[in-house]
Each structure stands twice: as structure tokens, then as C-alpha cells.
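Data first, discussion second: the structure below is written as C-alpha cells.
The values are calculated or read from the model by the stated rules, or taken from the named source; none is laboratory data. Note that this is a predicted model, so its numbers are computed, not measured. Note that each Cβ is placed from the backbone with ideal geometry, even for glycine, and that neighbours are counted across all protein chains shown.
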Amino acid sequence: MSLQTLLSFSWSAMAPEFIILGVAALLTVLDLFMPNKQDRKVLGWIAIVGVLAAMVSLAGLVDRGTTSILYDTFRLDSFGKAFKFLLLGGSALVLFMAVSYEAKEGLEKYKGEFYYLFLTALLGAMMMASSGDLITLFVGLETLSVSSYILAGLRKKNQLSNESAMKYVINGAISTAVTLYGMSFVYGLTGTTNLLDIAAKLQSLADPQHVYMLGLAFLMIFVGLSFKLAAAPFHMWAPDVYQGAPTPVTAFLSVVSKIAGFVIIIRIIISVFGVAATEGPGSMPILLHMQNYLAVIAGATMIIGNVVALRQTNIKRMFAYSSISHAGYILVALTSMNYFMFDAIWFYLAAYLFMNMGAFAVIQLVAEKTGSEEIAGYAGLYRRSPVLAVAMGILILSLAGFPGTAGFIGKLNIFMGAFVDPSAHYVLASVMIATTVVSYFYYFGVLTQMFFRPAADDKKISSIPFGILVVIIVAIVGSVWMGIMPNTALDFLHNHFNQFHDFLK
């Protein structure tokens, strides 16, 4: 590629990515030359400024039309921009949690590593959101994954952290191999890795053997990516990793990494298999034939996540299974495959970002004050810190899908979307209602501990670190605002990202 060709590209489309890359490189150099005894918290504040700067840069690109550079391997479209706002917003909240995190068990020495590894993971997620090629999608996925493996095991002297990192690496390697093998089938059938070129060639697919191979490719890619989502029955790593990882890392895996997982699934599944013909041009896409497989995964994820959560005594493990169940709810929207699918998924992920991030901020603070992550440790929290108890109560009600909260509107959008298609998914919608009711038992169990059980320790939690306070306020405001005035979020989506399906063109 000549210098003239390189200069001809509209590099401003990658401005948010360049900012994150530059800040990550800066933090690496600063951490290397800073004295060992100096507090690394300043690196966290620099990272926060970098993420906020990337959000401002992205906001400046909102009104720009679809821009494709590097031979369609990077596409700045409405789909990518909408999900990048979620990725950057969630990352900013994680960093606010991280600067208030009390590093223990050897993490003090490696706290600086957290910030630039975290930004590297974020960069991979952002690349996935704008990828127009299987290769860049895979590179972005692995940039996110490898950074996440290291982040999960940062507490090197903690046995649970070591165990979680090992399980995460093993399961991640298996899922990566399965995903890549499925991608190789797609490449073999089309002779290209560009998503638009793949879609164009698969529209005329007619050979039954090729259709069969494409079906296998779909199953392998979806199964491999289901590991990333912690969708059942590929969820076995999530509880151990969530429990063993530092709480800011757990929040990152629960929210930002999950958003990235759905981004890559939509990019590949919809753009490739949503147009692949099964019996020649004009025939039904292969994705519609695979709806039953998606429905089985969605139903199993909701059932396993909510039922197993009932038996958990550790709150981070409980939230791990809660995260699994929420992945199942979003998979219901993906299974429905109606015109409102993108809106429902984006809104639910935005609501999930607020309510889950705020809950983990409270979990982090209570664990640091009490030294325990057991649900029983929340007994009498209302008497020790009414502010924390009320905040946690609001966020749990939103997670449970109680009316007046963002979680309720998000579930309602998905539930109603299940009936839009002519072949309505009545069974899946029924499972969604039943499992939501089941979730009330373990969510309300935490509320019972906080408000109706006597406190084992009457010591007040008087001070709330600034970073935790910011996360809790943003989470509460977001959860209530999106629950009372959901149209404002949807109007923002439609007004600024009205070409939400432009990644198909």
C-alpha cells in the first residue's frame, strides 16, 4: 500500500480508537517510569479523561454518514456508533470504580497494569463494533479476550483469582478455536473475508452441500461466541471468574464485554447468515431456519441462569448467574428477528449497563467495608448505610424488571417483540415471564437481608469514595430516567442513528 493511498483514507473516522490507543500507550510508559511507591490512582484519572475524550470525539462523528476505510475492513456506521457509546460509557463507569478500589493481595504492585490493559480490551471491543471484515472482527475479539484473561488474574496471590483466570483462559481458547473454525468454513465457501462481499456471494448459494456446510459454520460460530456471552450451556466459566476477579474487572466482564459479545454476534450472524439463501436467490435466508436453535439456547440460558442463582450465597456468583439470565433475555430479541430487534437489544443493553454497574459499585464498597462478599453480609445494611441500601434496592428492582425502572421497559420491549413476527414465539415469551418471576426470589432475598434482617455489625458506613458515588448516581439516574421516560432514549437512537441497519449495505 502506497503512502498516497494511506493518506487518502479518512482517518478521522477512527479518532475515538486513536485516542484510546494513545492513552493506553501513555499509561504504559508512565507506569514504567513512575516510582514503585507512588500511587497509581493518577493513571486511572488519566484513563477516565481519555475515555471521556473518546466519547466527545465520537459525538462529533454522529452526524457523519457511513465511512469505510482500509478497503472496507473498518466501517464507521450508525450501528457501530450506537454501540460504541455504550462501550465507552460502561468503560468510564468501570474506571471510576477502579480508582476507588482498595488494592489488596499483591494487586497494589500491579494496579497500574489494570488501566492500560483495560483500555486495550476496550480498544478491541471498539474495533469489533466497526469491523467490516472477518479478520478485523477476530483481531478485535482476541484483543479484548487476551486482555480480559490477564485482568481476571491480576490478584496473583489470591487462589480464587488464579483459578478464575485459568478457567477463563481454557474456556476462552476453546471458544476461539470453535469460532475461527466456523469462520474458515465461511471463507472457504466464498473466498473472501469481507462481510459485504460474503453476503453478496451467499445470496446466490444453491448447492445443498454448500448450504449444509454453511449451517455447520453458523452453529460453530454461534456456539463459539456463546462462550463469550456466558450463554447456557456454555456458561460454566462465568461464576468462578466473576467471583475470583477484582470487582471492577467483574463489572467490566459483566457489562462491557457482554455488549461487545452481542456486537460481534449481530455483525456476523445478521450480515452473513441473514442474507444467505438456502435454495437459490430469493429463497428464505438460512438464519430463519436456525431460529429454533437460537430459541433453545435463549430458553436454556434464562432457565439455568435464574434457577441456579437461587442457590447462591456469594453475591458475585449470584450476579454471575443473573448476568447469564440477562444474556438469555437479549437472545430472545435476537431470536425474534423482527424490525425492532436492534432497538430492543440496544435499549436493554443500555439499561443493563446502568443497573448492573451501579450494583457492582455497591458490592465493591460493601465488600471493602465488611471484608465479605456473602449475601448474609448485607444484613441490616439499611441501618448501617441507608443511602447504599436504598440505591442497591432501586438497582435490584430494575434488574428484576419492576415497573417504573429501565429493566421493566427493556424486558417489555423484548417481550412485545416476540409477538411481532407472524410466527410468534409464544413458548419463548412464556419462559421469559416464568424465569423473570423466579428471579424475584433471589433478587428480593438481597432486599430482605438489607431491610429486614438484623445487622451482625452495627458499624456505620459513613464515607462513600468519590468514584463509587459517581457510578451510583449515574446508575440510579439512568435506571429511573429510562424507566419513566424511555422514549427519550429511543428518540436519541432514532434521531441520531436512523440508519441502524446500514452495516448490511
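Kindly indicate the residue of the stretch 100-135 that is of a type in the set (A, V, I, L, M, F, W, C) and at pLDDT below 85 and also farthest from PRO248 (Cα to Cα) among those meeting that condition.
So the first thing to find is which residues in the stretch 100-135 are of a type in the set (A, V, I, L, M, F, W, C), and the list is 103, 107, 114, 117-119, 121-123, 125-129, 134-135.
Filter again for at pLDDT below 85, leaving 103, 107.
On the way: ALA103: 11, LEU107: 13 Å.
Filtering first and then ranking leaves LEU107.
Among residues belonging to the stretch 235-253 that are in contact with a Leu (Cβ under 9 Å, 6 or more places away or on another chain) and among the hydrophobic types (A, V, I, L, M, F, W, C), point out the one that is farthest from PHE118 (Cα to Cα).
ALA238
Criterion first (under 15 Å from VAL186 (Cα atoms), assigned to a helix (DSSP H, G or I) and among the aliphatic types (A, V, I, L, M)) does LEU219 satisfy it? I'd like the intermediate steps shown before the answer.
On the way: under 15 Å from VAL186 (Cα atoms): yes; assigned to a helix (DSSP H, G or I): yes; among the aliphatic types (A, V, I, L, M): yes.
Judged against the criteria, LEU219 is a match.
Conditions tested, residue by residue: (1) in contact with a Pro (Cβ under 6 Å, 6 or more places away or on another chain); (2) modelled with pLDDT of 90 or more; (3) within 22 Å of LEU160 (Cβ to Cβ).
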residue	(1), (2), (3)
GLY244	no, no, yes
VAL255	no, yes, yes
PHE262	no, yes, no
ARG267	no, no, no
SER271	no, no, no
SER283	no, no, no
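Restricting attention to the stretch 161-187, report how many residues are farther than 19 Å from VAL139 by Cα and of a type in the set (Gly, Ala, Ser). Step through it out loud before you land on a result.
At the first step, the residues of the stretch 161-187 found to be farther than 19 Å from VAL139 by Cα are 161-167.
After this cut, where a residue has to be of a type in the set (Gly, Ala, Ser) as well, the list is 161, 164-165.
The qualifying residues number 3.
Scan the stretch 47-65 for residues that are of a type outside the set (Gly, Ala, Ser), touching a residue at least 60 places away in the same chain (Cβ under 8 Å) and crowded, with 17+ Cβ neighbours inside 10 Å and jot them down.
Looking only at the stretch 47-65, we keep the residues that are of a type outside the set (Gly, Ala, Ser), and these are 48-49, 51-52, 55-56, 58, 61-64.
Subsequent filtering for residues that are touching a residue at least 60 places away in the same chain (Cβ under 8 Å) retains 51, 62-63.
Selection gives VAL51 alone.
Of the conditions (1) free of Cβ contacts under 8 Å to residues at least 60 places away in the same chain; (2) assigned to a helix (DSSP H, G or I); (3) not aliphatic (A, V, I, L, M), PHE402 fails just one. Which one is it?
(2)
Mind listing just one residue for me: the one in the stretch 358-399 that is on the phi < 0 side of the Ramachandran plot and part of a loop (DSSP other than H, G, I, E, B) and, of those, surrounded by the most Cβ atoms within 10 Å (Cβ to Cβ)?
Step one: list which residues in the stretch 358-399 are on the phi < 0 side of the Ramachandran plot, which gives 358-370, 372-379, 381-399.
After this cut, where a residue has to be part of a loop (DSSP other than H, G, I, E, B) as well, the list is 372-373, 379, 385.
On the way: SER372: 15, GLU373: 19, ALA379: 20, SER385: 22.
Only one residue fits best here, namely SER385.
Yes or no, residue by residue, for (1) surrounded by 24 or more Cβ atoms within 10 Å (Cβ to Cβ); (2) touching a residue at least 24 places away in the same chain (Cβ under 8 Å):
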| site | (1), (2) |
| --- | --- |
| TYR293 | no, yes |
| ALA300 | no, yes |
| ILE304 | no, yes |
| VAL308 | no, no |
| ARG317 | no, yes |
| ALA320 | yes, yes |
| SER323 | yes, yes |
| LEU331 | yes, yes |
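Filter the stretch 159-193 down to the residues that are of a type in the set (S, T, N, Q), out of contact with any Ser or Thr (no Cβ under 9 Å at 6 or more places or on another chain) and either at pLDDT below 90 or part of a helix (DSSP H, G or I) (or both) and list them by number. Give the derivation first.
First pass over the stretch 159-193, keeping only residues of a type in the set (S, T, N, Q): 159, 161-162, 164, 171, 175-176, 179, 184, 190, 192-193.
So of that shortlist, the ones also out of contact with any Ser or Thr (no Cβ under 9 Å at 6 or more places or on another chain) come out as 159, 161-162, 164, 171, 179, 184, 190, 192.
Of everything in the stretch 159-193, those that are of a type in the set (S, T, N, Q), out of contact with any Ser or Thr (no Cβ under 9 Å at 6 or more places or on another chain) and either at pLDDT below 90 or part of a helix (DSSP H, G or I) (or both) turn out to be GLN159, SER161, ASN162, SER164, ASN171, THR179, SER184, THR190.
Scan the stretch 324-368 residue by residue and report those that are over 19 Å from GLY261 (Cβ atoms), of a type in the set (Gly, Ala, Ser) and in contact with an Asp or Glu (Cβ under 8 Å, 6 or more places away or on another chain).
ALA367
If I go through the stretch 415-444 residue by residue, how many of them are farther than 17 Å from VAL296 by Cβ and either among the polar types (S, T, N, Q) or not in a loop (DSSP other than H, G, I, E, B) (or both)?
Matching residues across the stretch 415-444 total 13.
Which of (1) at positive phi; (2) surrounded by 14 or more Cβ atoms within 10 Å (Cβ to Cβ); (3) among the hydroxyl-bearing types (Ser, Thr, Tyr) does TYR71 not meet, given it meets every other one?
(2)
Is at least one residue of the stretch 172-182 under 22 Å from ILE270 (Cβ atoms), aliphatic (A, V, I, L, M) and touching a helix residue (DSSP H, G or I) at 6+ places or on another chain (Cβ under 7 Å)?
So in the stretch 172-182, the residues under 22 Å from ILE270 (Cβ atoms) come out as 175-176, 178-182.
Retained after the next criterion (residues that are aliphatic (A, V, I, L, M)): 178, 180.
This time we only want the ones that are touching a helix residue (DSSP H, G or I) at 6+ places or on another chain (Cβ under 7 Å), so: 178, 180.
Looking through the stretch 172-182, at least one residue is under 22 Å from ILE270 (Cβ atoms), aliphatic (A, V, I, L, M) and touching a helix residue (DSSP H, G or I) at 6+ places or on another chain (Cβ under 7 Å).
Suppose the filter is under 16 Å from PHE252 (Cβ atoms) and not in a helix (DSSP H, G or I); does LEU154 pass it?
Working: under 16 Å from PHE252 (Cβ atoms): yes; not in a helix (DSSP H, G or I): yes.
Against the criterion (under 16 Å from PHE252 (Cβ atoms) and not in a helix (DSSP H, G or I)), LEU154 qualifies.
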